[in-house]
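Q: I am attaching a structure below and will ask some questions about it afterwards.
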Amino acid sequence: MNERSPALSLIGVKASASRLKSHHYAQPILASKSLSLEAGISGEQKVESVLNRHAFPMNYRVLHDLTLKTSQTFQMDHIFSTLSYSLVLETKNISGKLRFQENPDQLVRIRENGQIDAFECPAAQVRRNCELLQEWYASKNIYLPVYGVVVLAYPKQIVELAPKKTKVLFPSQISSFIRKLPQKPILSEESLHQLALELRDSNEPYIPRPICLAYDIPKSDIMTGVRCSSCDFLGMEKVLRGWHCLKCEHRDRFAHIQTMMEWFLIMGDTMTNKDCREFLHVDMKTATRILQSIDLIGSGGKRNRTYQINFSKLLKDGFFIANGFNSSRTGLGAQAFQRPAALLFPLIIRPAIISTNRRMKEPALRMMS
Ligand SMILES: [Zn+2]
C-alpha cells in the first residue's frame, strides 16, 4: 500500500478513530498510523518552509508533494528545478539513531530504549525517484540532470551510518548544498517555467483506500451521524437550511459536506442513497438532495443509483476552499484532534505549489496562506 499523500490519509485515520469505540481493537493501529503520518507531514512542512522562504541566487521553481506516472507511479516530497538540473528531496522525520544499511537497502532505527525498527531505505527511494523522474523527462524529450538528497527534518535524528551513494542533509544545510551544485544551463527560462507547469498539471495525488477496507474494520463498527464542527458530537440534527447540534447548540449550514467526505474516506468508494441516509440520519428526499448538491459522479438508473467521489478533481478545483474548509469552523472537530482542526484541511487543499525566486514568488505564497 502506497502511504503517500499523507494529509487525506491522516484525515481518514483520525475520522475513523473518532467514530470507533475507544476500546475498539483497531484503535492502537490507527493511533500509531496517525502519529507516523503526522511526523511525516511535519517533516515535509519543515523542509517546504526552508525551500519557500529562502531566496536562492538563480532562476528556479519548487514543487511539493508531487505524484507522477511513468513506467510506475512515484511520489516526490519536493523537487527543486533550475535551468541546469532538478533536485529531488526526500524528507524523513524518524527520531532516534539511524543506520542507512546497504545490501539489502534498509533504514534501521535504534530507539533510546534499545528497540530496533526497520524502514524502507529513503536513500534507495530517492535514487529510484531520480531514475523515474529522468524517465518521465525523457518521455517529454527533456534531458536534464536529476540529483537526489535525503533530508532529515529535525536534528534530533542521529545518523550512525550514512548511505554511501546519497547525501543526507539537515534543513539548515539545504541552501549551501544547492549553491554547490553545478550550474550549466540546459533549459531556457521559458522552458523551465513550462516544465514546472507541466509537472504541476501532471500531478495525480494519491487517494488512500477507505479505512474499513485498508484496515479490515467492519463497517457496522463505525458510528454514524453528522459531525458537529464545534464540539465534535456525532449526530447533528437536520433543520431548515442546515444542521443543529443537540449537544452544544451549534448551527452549521455545511456540516454534511465534512461528513460525506468522511464516509468516502472511511466506508467505501461507492455510496448509495441508503448509505447516505444511514450515515447522515436523514430521509430519502434529503439524501437525494445532498447527493446531488455535492460534486459526485453518479451512475446507474434512478432505483439503484450509486455515487463516487473524485477527490483528485475536488482538490484541483479548490472545492475545499470554496466550501469553507480552510476556516476554523470546519474540520473534524478540535476535540478529536487535540489541535485546531483548521490545521488539517489546508493540507489537503494545497495543490503542488510552484514557488520561484523572489521576483515571481508573491502569488505562490499567497496561494499557500
Ligand atoms: Zn456541537
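Q: Separation of segment 7-47 and segment 124-168 by C-alpha centroid, Å?
A: 27 Å
Q: Would you kindly derive the ³J(HN,Hα) couplings of segment 18-26 from the backbone phi angles with the Karplus curve 6.51 cos²θ - 1.76 cosθ + 1.60 (θ = phi - 60°), listing them in order in whole Hz, with x for Gly and Pro?
A: Here the 3J(HN,Hα) series is 6, 9, 10, 4, 5, 9, 4, 4, 7 Hz.
Q: Continuing with the same structure: Grab the Cα-Cα distance for Ser220 and Gln101, subtract it from 0.36 nm times how many residues apart they are, and report the gain in nm with one decimal.
A: Length gained, Ser220 through Gln101: 38.5 nm.
Q: Could the peptides 45-52, 213-220 be put in order, highest first, of the mean number of other beta-carbon atoms found within 10 Å of their residues?
A: 45-52, 213-220
Q: Something else now. Of Lys92/Lys274; Lys97/Lys313; Lys33/Lys180; Lys69/Lys92; Lys92/Lys180, which ones are farther than 32 Å apart at the Cα?
A: Lys92/Lys274; Lys97/Lys313; Lys33/Lys180
Q: Under a Cβ-only charge scheme (Lys and Arg +1, Asp and Glu -1), can you give me the dipole magnitude of segment 59-203 about the Cα centre, in debye to the nearest 20?
A: Approximately 440 debye in magnitude.
Q: Can you tell me which of 67-77, 295-305, 103-113 comes out highest on packing, and rank the rest after it, using the mean Cβ neighbours within 10 Å?
A: Put in order of decreasing packing, that is 67-77, 103-113, 295-305.
Q: What is the packing order of peptides 85-98, 178-191, taking the mean over residues of other C-beta atoms within 10 Å and listing the highest first? Display every interim value, and only then the final one.
A: Details: 85-98: 21.9, 178-191: 12.4.
Descending packing order for the listed peptides: 85-98, 178-191.
Laboratory data are not the source of any read-out in this text; all were calculated from the coordinates shown. Not measured: the values here are computed from a predicted model. Here Cβ is always computed from backbone atoms with ideal geometry, including for glycine, and neighbour counts include all displayed protein chains.
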